[in-house]
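Some notes on the structure that comes next.
The values are calculated or read from the model by the stated rules, or taken from the named source; none is laboratory data. Since this is a predicted model, take the numbers as computed values, not measurements. Every residue, glycine as well, gets a Cβ built from its backbone with ideal geometry; the counts of neighbours run over all protein chains shown.
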Amino acid sequence: MVSGCAPAAPPAKETVTFAIVSDPHIAVAAPGFTLETDPYIDSEPGRKLHKESVELFTAATKMVNAIPDLDFILMPGDLTKDSERYNHKELLELLPKFKARLYAVGGNHDRKHPEGLVEKIDPKADIVDVGELPTLYKKYWGPGGKVYYSVTPVAGVQLIVLDSARPQDHDGEIIGEQLAWLRSELEAAKKKDLFVIVMLHHLIGPHLPGLDEKHTMHKIFDYMIIENASELKSILKEFDVPLVISGHAHIQDVTEEDGIYYIATGSIVTYPHPIRVLELNLKDGTLKVTTQRIESIPSRPQLLAYSKEIYATWFESYMVGLLNKTLGVPEEFAKLAAAEMREGWPMMSAGDEKFQYALADFISGGTTGDPGVDARIQMVLTLLNGFSDRLPQDNNLTIQLQK
């Protein structure tokens, strides 16, 4: 099948195989610059490998094309660095290299950016707004010309794609008209007894403790989850939706709530550079999930070691600032604590994370000598320990979905 062409009515099959390639953040040098001289491309050093994004995408394409009997591919948003037209142009030249049909959706980085955001954006760039995406990516989009759509990628499966990016910030939200449309699509799918997969960019499931509105860290992580998550989840539960696919947070996580499985997939430009392969048995409702990692690209032969180290270095610096500048922990102890926890966030990005940090691990006798300082450090350790993963596993697992 030629990538991007509308497929013929597919025959019914018992096992459907699809891949997830998330958050490619494609970035090429701005006109007049090279990757090395472009002052706008490295806007988040330590997290996203923008300069290597095309190489990483190419590697992901080869891995996906090697998957036997692949039916389709999902790409849940953040297609480009910051929606520069020249980056969309680059991605549109890369996408036809996939052999299977691909379905995309926009993310918070795929629309015009309101003033005051911190991104280092090329001021001369022509920025593509989200409303143009259905036309620009018409070969990889559904019908109707809207930013959300519904398709039948294979017989027996309905893929419902939601637009969760809102114009005023990087947060997510699914508003009135789209919610009404979703309900009508779910009603139609239920009458036809179709297996429903919902895809959107932002999270709606309880992937991290900080996503709970009552959690101490919710104000830090609320940008990861859509504002009206409870309303959306209520609709999905009403119609017994079994599976929701998201990107955005750059983490590998699988979680279940009220019978719905939520699968968040990490970005291919962030450690550990994952892609997912999902094998869905339509007869018995089992879903086998496996994860592959991009381990090497031409410019970074030891990719995983390189990206994990720069991610850990970024997180260590962040934790020093949090402890010292925000919480008033003396710099000496802030540095000790941050050095101990430096791999915490890379581990969360990789999924299946297990850690239990304690003062005694890095401070002799388990105390700084100041009970107030001890308490502030312990608060951060306890918060981070709360992110240690709970079942189900995040990378390789088989789950029983509701049918």
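Summary of values
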{"read-out": "Pairs with Cβ under 7 Å, 6+ apart, first in region 81-103 and modelled with pLDDT of 95 or more, second among the hydroxyl-bearing types (Ser, Thr, Tyr) and part of a strand (DSSP E or B)", "value": "Asn87/Thr80; His88/Thr80; Leu91/Thr80"}
{"read-out": "Residue ID - nearest to the chain's Cα centre (by Cα), chosen from residues in region 179-204 that are more than 21 Å from Ala264 (Cβ to Cβ) and not charged (D, E, K, R)", "value": "Leu179"}
{"read-out": "Those helices (runs of 4 or more DSSP H) lying entirely in region 114-226 with at least 1 residues of a type in the set (A, V, I, L, M, F, W, C), in contact with a helix residue (DSSP H, G or I) (Cβ under 6 Å, 6 or more places away or on another chain) and at pLDDT below 95", "value": "218-221"}
{"read-out": "Inter-residue pairs, beta-carbon under 7 Å, first farther than 12 Å from Glu343 by Cα and in region 313-325, second assigned to a helix (DSSP H, G or I) and small (Gly, Ala, Ser), 6+ apart", "value": "Val320/Ala334; Val320/Ala338; Leu323/Ala334; Leu323/Ala337; Leu323/Ala338; Asn324/Ala334"}
{"read-out": "Near pairs, Cβ below 6 angstrom, 6+ apart or cross-chain, from region 281-305 (in contact (Cβ under 8 Å) with a residue 12 or more places away in the chain) to any residue that is aliphatic (A, V, I, L, M) and part of a loop (DSSP other than H, G, I, E, B)", "value": "Gly285/Leu401; Leu287/Leu401"}
{"read-out": "Any hit, region 345-352, residues being farther than 21 Å from His207 by Cβ and not assigned by TED's automatic domain parsing to the domain that holds Lys62", "value": "no"}
{"read-out": "Residue check, Asp71 among the acidic types (Asp, Glu), modelled with pLDDT of 95 or more and assigned by TED's automatic domain parsing to the domain that holds Met224", "value": "yes"}
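The rows are residues; the columns are (1) closer than 26 Å to Ser150 by Cβ; (2) small (Gly, Ala, Ser); (3) more than 22 Å from the chain's Cα centre (by Cα).
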{"site": "Leu92", "(1), (2), (3)": "yes, no, no"}
{"site": "Leu95", "(1), (2), (3)": "yes, no, no"}
{"site": "Ala104", "(1), (2), (3)": "yes, yes, no"}
{"site": "His109", "(1), (2), (3)": "yes, no, no"}
{"site": "Lys112", "(1), (2), (3)": "yes, no, no"}
{"site": "Lys120", "(1), (2), (3)": "no, no, no"}
{"site": "Pro123", "(1), (2), (3)": "no, no, yes"}
